[in-house]
Amino acid sequence: MKKIIFRKLVSDCSIFFLIALISASIIIWVFQAVNFLDVIIEDGRDYVVYLSYTFLSLPKIISKIFPFALFFSFSYVLAKYELKNELLIFWNHGVSKMKIINLFILISVIFMIIQILLTTIIVPKFQNISRGLIKSSNASYFENFLKPRKFIDTISGLTFFVDKINKDGILKDIYIKRSMKKNTFQTTFAKEGVFENKNGERVLVLYDGQTISGSNNDLRVINFSASDFSVTQADTGTTIKVYKLQENSTKALIKCLKTLERNKKDRNINKQYDFHNCTSSNYTNIFKELYKRLIIPFYIPLLIIISMLMITKSKENVNFSKFRTLIFMIGLIIMIFAESTQKLITGNFKINLIFVCLPILICLFTYFLLFFNLKFKSVKA
């Protein structure tokens with residue numbers, strides 16, 4: 001009977017958590033997808049790239065919502081159980097409050113491991129893939145970011161200027177400057193231009209113009225009545241050439257940190273090791289990234305312990321509603337505090353160890369405080 005009761009409580013908390021997590025994540029994902037749409041379209045990418053890119057951002061959103069959804073769900077379900085007198089079933093069957101708390105702490109460790117897997121493996125991998133997707137994709141809708149009477153340098157190595165774009169999509173008075181090697185340039189002028197598909201490739205067809213090429217003191221002018229300018233392989237300036245720190249694998253970051261620790265005498269020298277961001281001057285940021293991935297999830301058991309405070313006070317208490325609000329506020333403060341500690345990470349490894357151990361110490365302190373409080377009440381009763 002006790003197993004059935006425990007299973008029902010854990011099931012209700014877990015199901016409500018999944019509903020809250022998925023619902024909140026989808027809402028945030030939709031809003032973010034709308035913002036991505038403006039960026040992708042203006043950048044000239046096609047809709048397949050857009051859909052893939054937005055989907056790949058979902059794990060990061062889930063990892064951000066995860067602690068809040070977990071704390072809110074468990075607090076809400078436990079408060080509802082108390083209000084409906086369902087917790088009395090446990091007490092009537094001789095189940096102690098500490099036994100329930102211990103069970104939920106064990107469950108919180110499972111959720112903590114899931115969060116660590118998200119932050120250390122899944123999220124960095126998906127971010128890496130999404131960045132690579134943008135990097136390898138072409139500006140399929142190049143014409144989308146051309147604006148009349150405005151210099152456009154979105155394309156790497158190219159500057160465009162169009163005086164006018166009529167209703168039929170015909171470009172008037174076109175200026176194109178291509179950045180080349182030192183002391184070398186190429187400039188193209190055309191009276192008209194129009195985008196066309198030729199042999200599966202997006203091409204800007206230029207009419208009635210000339211191309212001026214210069215190298216040192218040599219100039220060459222080519223007049224043309226019609227000329228094709230391929231934009232399929234155009235590389236937009238928003239494409240990131242180097243992966244950001246958060247897009248590197250956790251294994252690479254740990255390896256980098258170990259390398260920097262071994263060479264800490266050279267920490268003031270901006271020396272590069274395993275990857276672009278693995279530099280001595282970037283030591284603090286690397287530690288912060290690892291702290292975010294590996295240590296902040298350790299606050300999840302603490303959040304579960306805080307939510308378990310719901311079972312320590314009866315609904316018959318006149319201050320029960322205020323008590324619920326207080327627990328919710330404490331949970332929010334802990335989540336804010338956990339994120340804020342990331343800003344306190346420094347280049348001093350010993351000081352950083354204090355913040356690494358902090359969630360475990362606070363969790364143990366809260367647990368024993370709760371344990372002795374319940375023991376005192378039982379003795380007093």
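The values are calculated or read from the model by the stated rules, or taken from the named source; none is laboratory data. Small disclaimer: the values here were computed from a predicted structure and weren't measured. Quick reminder, even Gly has a Cβ in these numbers, built from the backbone with ideal geometry, and neighbours come from all protein chains shown. These area figures cover heavy atoms from the full protein model, side chains too; ligands, DNA and RNA do not enter into them. Shrake-Rupley method; radii C 1.70, N 1.55, O 1.52, S 1.80 Å.
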Neighbours by Cβ (under 7 Å, 6+ apart or cross-chain): first from the stretch 347-365, buried (at least 17 other Cβ atoms within 10 Å of the Cβ); second among the hydroxyl-bearing types (S, T, Y) and in a loop (DSSP other than H, G, I, E, B) = N352/T346
The condition from (1) within 17 Å of F298 (Cα to Cα); (2) surrounded by 11 or more Cβ atoms within 10 Å (Cβ to Cβ); (3) not β-branched (V, I, T) that F371 misses is numbered (1)
Identify, by number, the condition in (1) surrounded by 15 or more Cβ atoms within 10 Å (Cβ to Cβ); (2) modelled with pLDDT of 90 or more that I22 doesn't meet.
-> (1)
Conditions (1) modelled with pLDDT of 90 or more; (2) open to solvent by 80 Å² or more (accessible area, probe 1.4 Å); number of the one not met by S108 = (2)
Residue identified as open to solvent by 60 Å² or more (accessible area, probe 1.4 Å) and modelled with pLDDT of 85 or more among L103, L51, L117, L88 | L117
Cβ pairs under 6 Å, 6+ apart, first in the stretch 110-135 and in contact (Cβ under 8 Å) with a residue 12 or more places away in the chain and under 16 Å from K251 (Cβ atoms), second open to solvent by 30 Å² or more (accessible area, probe 1.4 Å) and hydroxyl-bearing (S, T, Y) = P124/S249
List every residue pair whose Cβ atoms sit under 8 Å apart, with the two residues 6 or more apart in sequence or on different chains, where the first one lies in the stretch 179-206 and is over 14 Å from F160 (Cα atoms) and touching a residue at least 60 places away in the same chain (Cβ under 8 Å) and the second, anywhere, is open to solvent by less than 80 Å² (accessible area, probe 1.4 Å) and in a loop (DSSP other than H, G, I, E, B).
-> R202/S140; R202/V231; R202/T232
Name every residue in the stretch 163-177 that is under 17 Å from S230 (Cα atoms) and either touching a His at 6+ places or on another chain (Cβ under 6 Å) or buried (at least 16 other Cβ atoms within 10 Å of the Cβ) (or both), in order of residue number.
-> L171, I174, I176, K177
For I122, are the conditions met, namely being open to solvent by less than 40 Å² (accessible area, probe 1.4 Å), β-branched (V, I, T) and at pLDDT 90 or above?
-> no
Pick from the stretch 201-250, criterion over 21 Å from L171 (Cβ atoms) and among the aliphatic types (A, V, I, L, M), ranking: modelled with the lowest pLDDT | I240
